[in-house]
Amino acid sequence: MSDPRPIVRTYGLLRRDPICLDDALVGIRRAAPRVGVSRLPTEYDSKLVSSRAPGMNSLHTKRGRANFLGRTAIVGVGFTPFTRASGESVLALATRATREALEDCGLAPGEVDGLVSYSLFSDSVPCQAVATALAIPELTYALDLNMGGQAPAFAVTNAAMAVASGLADVVVVFRALNGRSGIRVGSQSFAAPTAQYRYPIGFTAYAQYMALWARRFMIETGATADDFAAVVSRQREHAARNERAIRRTPLSIAEHHNAPWVVEPYRTVDCTIEVDGACAVVVTSTERARSLPHPPAVIQGAAWATGFGSGLDIADPHFWPDYSTNCQTVLADRLWESCGLTPRQIDVAQIYDCFSSTVLFGLEGLGFVGRGESGAFVRAGETALGGSLPVNTSGGLLCEGYLHGMNLVAEGALQIQGRCEERQVAGAESCAITSGGLGDGSALILTADG
Amino acid sequence: MKIENLQLRALPPTPDADSTPFWEALADGRLQLTRCGSCGTASFPPIPSCPRCAADTVVPVEASGSGRVYSWATIHIALDPTFADDVPYTIVAVDLEDGPRMLGRLLDRDGPPAAGLAVRLVPYRVDGNVLPGFRAD
């Protein structure tokens, strides 16, 4: 059933009549959408929230706006160092990042009543272990997702839903792994229904699966190795301003093209860098957030998608019809509807970059640029600091390290909180964050509070 | 189809209840897919329902193995050391003329394929395991 309330335009944003007390959108101070020279209006910029075809599956239009949006926020972040050999247990890393995140926002472990985490191939510890290690009196909400990089935005979404529904007040979302010295996802074999069609012929690793998509993207859109190189080069520039990043040296286009192949069309520098480490963020109500030390990064939009033909397991390429688009294309409509914003109103983005190509998929999938335009957009400097849409300001997974996307969420929150120092995007009040580069994944929109 | 005996590296397949007929047919030089009893869509990998219309009756169907290259990946570093002596080698994703998409080792070693290249399934045997490969048609 469609929402009968009129749509009103306030401060350049779409929102329902204020009678609905949808504080979700009230908090945004933006006076007018920024129009970058290279950011021409896309299909989303001309689309009204109410224009969606009836009957299409959309939580946000069928039932009104999801109740956690706007009412929950990320209030603190915590990291361990990212290293090639932590010398510590995963539990020690998880506990430390969680403790750091709580200290960051002035909360004590005893105030935590919810934990959310995700893992891949049993490379982490369950929420109960961290609760035990931190002497948390009682968890009223715990969720261990057996998912990889598609999970982080969705994990935060679940934390926000727990808070908004009253199941918990303070939920910490963490990702911890010895991804370099322990279980390495990039070369790990794992049991799965379609493993029998991959491993026997020598198709054994995530980089190889993604390479099929990258190649088809090049065929379909005309993207080139120069486009991939530009993505990497920009993010190296950002990483130079981030002490946590592993790869901080500049990389020219020529240097990119001289790096060794891993699996064509990916060279070593197109691939994320596996690390040991942990990252955590604290989610609570926007109301409570206002009494904490840092400005809230309000959870304003969220979407998950398992697209049609996502496959029988995380690495199954057989059923997905179009390797030149991924889950971000599928969830884009719902993401923008959920927050009432358009791509042009986003100040900064953290786009899942397990490989260079997935940044291009994300830019096109979410409608920041049109089909086939992402490479030129990056080459023109639009995703650099100072560009119209700085992307992966920490250096991303390519340079900061492969925390399977949790660190992109943390970076997004830090940008909204204005705490990124040398790499801070001036006046950043809205950030898009994506998780996942294949057929299923998630995304978040964070904004400043009003 | 003629099965080629090749000096390549391989790992043994791990058939399950859904896939055993496929692997048995391949070892016999035949490509067996599943076809929906309702809408007629052919599927690979074999699954117990139709991924297009959700019907729960699927029947085995023999396929030609002809198709066109949809995408490919050329592996230069063997992330599983089993395949270290094979690099560089190419995995192709092939759209079969019977409908579904299938992975296989590209057995031609004369450079990368092109999108749309016509190929045919060539089962190859390594250490008693028969696996899917493709050659240009």
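Spin-label pair B:Thr14-B:His76: with each label point 7 Å from Cα along the Cα-Cβ axis, the two points sit 3.1 nm from one another. Going from the residue with the fewest nearby Cβ atoms within 10 Å to the one with the most, A:Asp276, A:Asp333 rank A:Asp333, A:Asp276. With neighbours defined as other Cβ atoms within 10 Å of a residue's Cβ, the residues B:Thr82, A:Thr383, A:Thr434, B:Thr90 order from fewest to most as B:Thr82, B:Thr90, A:Thr383, A:Thr434.
Using a Gaussian network for chain A with springs between C-alpha atoms less than 10 Å apart, which of these wobbles most: A:Val391, A:Val348, A:Val185? It is A:Val185. The shape of the range A:365-450 comes out rounded: with a ≥ b ≥ c from the C-alpha gyration tensor, a/c is under 1.5.
The antiparallel fraction among DSSP beta bridges confined to the protein assembly as shown stands at about 80%.
If I take R0 = 45 Å and measure r between the Cβ atoms of A:Ala376 and A:Asn146 in this structure, what FRET efficiency does the formula 1/(1 + (r/R0)^6) give, to the nearest 0.05?
On the way: r = 38 Å, r/R0 = 0.86.
For R0 = 45 Å, the calculated efficiency reads 0.70.
Quote the FRET efficiency, to the nearest 0.05, computed for A:Arg84 versus A:Glu255 with a Förster distance R0 of 25 Å and r equal to the Cβ-Cβ distance.
0.70
Adding -39500 (n - 2.57) for every DSSP H run of four residues or longer, then dividing by how many residues chain A holds, sets the calculated 222 nm ellipticity at -8500 deg cm²/dmol.
Mean residue ellipticity at 222 nm, helices only, chain B: -1500 deg cm²/dmol; runs of at least 4 DSSP H residues each add -39,500 (n - 2.57), and the sum is divided by the number of residues.
Any idea how far the Cα center of the range A:421-437 sits from the one of the range A:88-158, in Å? After rounding, the separation between the Cα centres reads 23 Å. Reducing the range B:25-72 and the range A:320-366 to their Cα centroids gives an inter-centroid distance of 32 Å. For the protein assembly as shown, a/c is not less than 1.5, where a ≥ b ≥ c are the root eigenvalues of the C-alpha gyration tensor, and a/b tops b/c. That puts it in the prolate class.
Separation of the range B:84-113 and the range A:286-317, taken as the distance between their Cα centroids, equals 36 angstrom.
Look at A:Ile433, A:Ile219, B:Ile91 and count the other Cβ atoms within 10 Å of each Cβ; fewest to most, that gives A:Ile219, B:Ile91, A:Ile433.
Each peptide in A:127-140, A:260-273, A:165-178 gets a packing score, the mean of other Cβ atoms within 10 Å over its residues, and the list from highest to lowest is A:165-178, A:260-273, A:127-140. Its Cα centre serving as origin, the protein assembly as shown has a Cβ charge dipole (Lys and Arg +1, Asp and Glu -1) of approximately 1000 debye.
No lab work stands behind these numbers, since they all come straight from the coordinates. What you see is a predicted model, and the numbers here were worked out from it, not measured in a lab. Note that we place each Cβ from the backbone using ideal geometry, even for glycine, and neighbour counts take in every protein chain shown.
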